[in-house]
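The values are calculated or read from the model by the stated rules, or taken from the named source; none is laboratory data. Note that the structure is predicted; figures quoted are calculated from it, not measured. Because the Cβ atoms are built from the backbone with ideal geometry, glycine has one as well, and the counts that use them run over all protein chains shown. Please note that ligands, DNA and RNA were not included when accessible areas were found on the heavy atoms of the full protein model with its side chains. Shrake-Rupley method; radii C 1.70, N 1.55, O 1.52, S 1.80 Å.
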Amino acid sequence: IYGASDIVFERFGHDALAIRDTLTGQDYAYNWGMFDFEQPNFYTRFLTGETKYWMEPYATAEFNQEYVRRNRSIRVQELALSAVERAALLEFIVWNSAETNKYYRYDYYQDNCATRVRDALNRVLKGQLQAALDTGFTNLTWRSETERVTASNWPVYAGIELALGRNADQRLTQWKASFMPERLADAAATVILR
């Protein structure tokens, strides 16, 4: 989990999934947060959640060093996955990083860097993660989380606020709240699966 910064598109924090292969020595951070400022109408599309994003692997040490250089926090979590689950996760992520599979339509709340990590984990855990996190409601809403991280930048907050509808005020389960990287990290640190 990578901490937030004052830059507009970094206010929500960031997430990547690092996988180190002890046999080959390969160590990549798979980053679903790639986008291009040169996309037509980038800022309007970004504020309305219509930006084209993609996943790209980077050498983990270099990827982390960039965040250190920019004075952003890094929270590393080692996941207790079985050997079969780790292999399945790597297989899925390698497939997802292929040119034909890596692009997606970014959505602040339902399809972002954190939900991509969460969903990849849930896939290899055969739905157990969602089952564990979708059991009850928190006091969090999409609106409250948005306000918490963007209220200090009124134009950005106002722009996102305009785009939010009534559904933004519904209480979230831990599963849905894990659209925020830090919420996903907190959930992953406490959930126990069979």
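Some notes on this structure:
- Within region 119-132, residues that are within 18 Å of Ala83 (Cα to Cα) sit with their Cβ atoms under 8 Å from residues that are small (Gly, Ala, Ser) and surrounded by 18 or more Cβ atoms within 10 Å (Cβ to Cβ), at 6+ positions apart or across chains, in these pairs: Leu121/Ala188.
- Boolean, Phe42 is under 21 Å from Trp154 (Cα atoms) and either without any contact (Cβ under 8 Å) to a residue 40 or more places away in the chain or of a type in the set (Lys, Arg) (or both): yes
- Counting residues in region 19-39 that are open to solvent by 50 Å² or more (accessible area, probe 1.4 Å), within 15 Å of the chain's Cα centre (by Cα) and in contact (Cβ under 8 Å) with a residue 60 or more places away in the chain gives zero.
- Scan of region 71-88 for residues that are assigned to a loop (DSSP other than H, G, I, E, B) and under 13 Å from His14 (Cα atoms), ordered by number: Arg72, Ser73, Arg75, Val76
- Within region 52-76, the set of residues being touching a helix residue (DSSP H, G or I) at 6+ places or on another chain (Cβ under 7 Å), open to solvent by 40 Å² or more (accessible area, probe 1.4 Å) and among the hydrophobic types (A, V, I, L, M, F, W, C) comprises Ile74 only.
- Screening Leu89 on (1) farther than 25 Å from Leu193 by Cα; (2) among the hydrophobic types (A, V, I, L, M, F, W, C); (3) open to solvent by less than 70 Å² (accessible area, probe 1.4 Å) shows it passes everything except condition (1).
- Residues of region 133-151 satisfying the condition of being open to solvent by less than 80 Å² (accessible area, probe 1.4 Å) and either assigned to a helix (DSSP H, G or I) or among the small types (Gly, Ala, Ser) (or both): Leu133, Gly136, Trp142, Arg143, Ser144, Glu145, Thr146, Val149, Thr150, Ala151
- For region 152-171, taking the residues that are assigned to a helix (DSSP H, G or I) and among the aliphatic types (A, V, I, L, M), the one that is nearest to Gly136 (Cα to Cα) is identified as Ala168.
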